[in-house]
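Visitor: This is the structure I have questions about; it appears just below.
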Amino acid sequence: MEKDLAKIIALTAFRSAADLGNLVPVLQDCVGAERTEIGVALAMASAEINRQVLGKIFERFPELAEEFEEKVRKFGHPF
């Protein structure tokens, strides 16, 4: 895989995981078990994207992991 393609995939995966996490506050209107069930599902899906996609990309391209970390520290996101 080319590094440019890996970067596109990593950015998309990062945004997707973040979008799922951003849904958690929307669950305020849900009650009890429903809120917990959906909240946990969103958190698990986000974590799985990070583990399965970002983890594999960063394993192949450690310099992308460093670049992402630096940009997140500096700007709050990698793009």
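Visitor: I'd like the full set of residues that are over 13 Å from ILE9 (Cα atoms) and open to solvent by less than 70 Å² (accessible area, probe 1.4 Å), limited to region 47-79.
Guide: Within region 47-79, the first condition is being over 13 Å from ILE9 (Cα atoms), and the residues that meet it are 47-48, 51, 59, 62-63, 66-67, 69-77.
Result: ALA47, PRO62, GLU67, LYS71, VAL72, GLY76, HIS77.
Visitor: Could you tell me how many of the residues in region 20-75 are under 22 Å from LEU5 (Cα atoms) and among the small types (Gly, Ala, Ser)?
Guide: Going through region 20-75, the residues under 22 Å from LEU5 (Cα atoms) turn out to be 46-72.
Filter once more, so that each one left must be among the small types (Gly, Ala, Ser): 46-47, 55, 65.
The number of residues fulfilling the criteria is 4.
Visitor: Looking at GLU37, GLU59, can you tell me which residue is at pLDDT 95 or above and acidic (Asp, Glu)?
Guide: Numbers: GLU37 fails: at pLDDT 95 or above.
Being at pLDDT 95 or above and acidic (Asp, Glu) holds for just one of GLU37, GLU59, which is GLU59.
Visitor: Just to be sure I understand the filter: pairs with C-beta atoms under 6 Å, separated by 6 or more residues or on different chains, first member in region 28-43 and closer than 21 Å to ALA18 by Cβ, second member of a type outside the set (Lys, Arg) and not in a helix (DSSP H, G or I). Which pairs pass?
Guide: The qualifying pairs are LEU42/LEU23.
Visitor: Using beta carbons and a limit of 7 Å, which pairs, at least six apart or on different chains, have the first residue in region 52-79 and touching a residue at least 24 places away in the same chain (Cβ under 8 Å) and acidic (Asp, Glu) and the second one open to solvent by 70 Å² or more (accessible area, probe 1.4 Å) and assigned to a loop (DSSP other than H, G, I, E, B)?
Guide: Every condition considered, no pair remains.
The values are calculated or read from the model by the stated rules, or taken from the named source; none is laboratory data. Note that the structure is predicted; figures quoted are calculated from it, not measured. Heads up, the Cβs are rebuilt from the backbone with ideal geometry, glycines too, and the neighbour counts pull from every protein chain shown. Calculation scope for accessible area: heavy atoms of the full protein, side chains included, ligands and nucleic acids excluded. Shrake-Rupley method; radii C 1.70, N 1.55, O 1.52, S 1.80 Å.
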